[in-house]
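For reference, the structure discussed in these notes is given below.
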Amino acid sequence: MLVELVLSTVLVIATAVFHGLGLLTIGRSLRALDRGAVDMELNPLSKTGAAYTSVVVLGLLALAGIEIWFYAIVYLAIGATATLAASVYFSTITYAAIGFSDASLAAPWRLVGAIEGINGVLLLGWSVAFLVAELQRVRHR
């Protein structure tokens, strides 16, 4: 169990740092775009507002995808799953905390999968908070 906890801790720290840096990059990129913008409200129903929101959402989805693949590659490397496809599938449903799976990890690594679920919920929540804050900031600029 100690090996599982150490590995889980490393994975959680790595994904949290990566996620934070990803949000920082997205935020700074958006602010760089704002520098040339006129000081006015951005209507979320306009083409510009929809494009802006889409860029933020796609960036957040890319972050989640990279984190899911990171876990999947680790699962494959430690022999917790048999194939890359099984690793990606398991990691996706676990990260998203769907709670149902017809796939499973090898018994010695199940705790890592459970902790990925907790990590995924927190990182997805962080992404939603970032999205809401970003849309509020832009709407009232």
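The values are calculated or read from the model by the stated rules, or taken from the named source; none is laboratory data. Note that the structure is predicted; figures quoted are calculated from it, not measured. Cβ: placed from backbone, ideal geometry, glycine included. Neighbour counts: every protein chain shown. The area values use the complete protein model at the heavy-atom level, side chains included, leaving out ligands, DNA and RNA. Shrake-Rupley method; radii C 1.70, N 1.55, O 1.52, S 1.80 Å.
Diffusion coefficient of the stretch 102-141 by Stokes-Einstein, Kirkwood radius over Cα pairs, 20 °C, 1.002 mPa s: 174 µm²/s.
Computed over the chain, the P(r) tail beyond 26 angstrom holds 34 percent of alpha carbon pairs. Can you give me the % of accessible surface on the chain that is carbon or sulfur? Probe 1.4 Å, all protein chains present, nothing else counted. The computed percentage sits at 74. Report the paramagnetic label zone for Ala77: residues of the stretch 107-141 whose backbone N is under 17 Å from a point 7 Å from Cα along the Cα-to-Cβ axis. Taking a point 7 Å out along Cα→Cβ of Ala77, the residues of the stretch 107-141 whose backbone N falls under 17 Å are 109, 112-113, 116. Model label points for Phe18 and Val128, set 7 angstrom from Cα along the Cα-to-Cβ axis, are 2.2 nm apart. Please work out how much length the chain gains when fully extended from Arg139 to Leu111, using 0.36 nm per residue of separation minus the C-alpha to C-alpha distance, in nm with one decimal. Difference between extended and current length: 5.9 nm.
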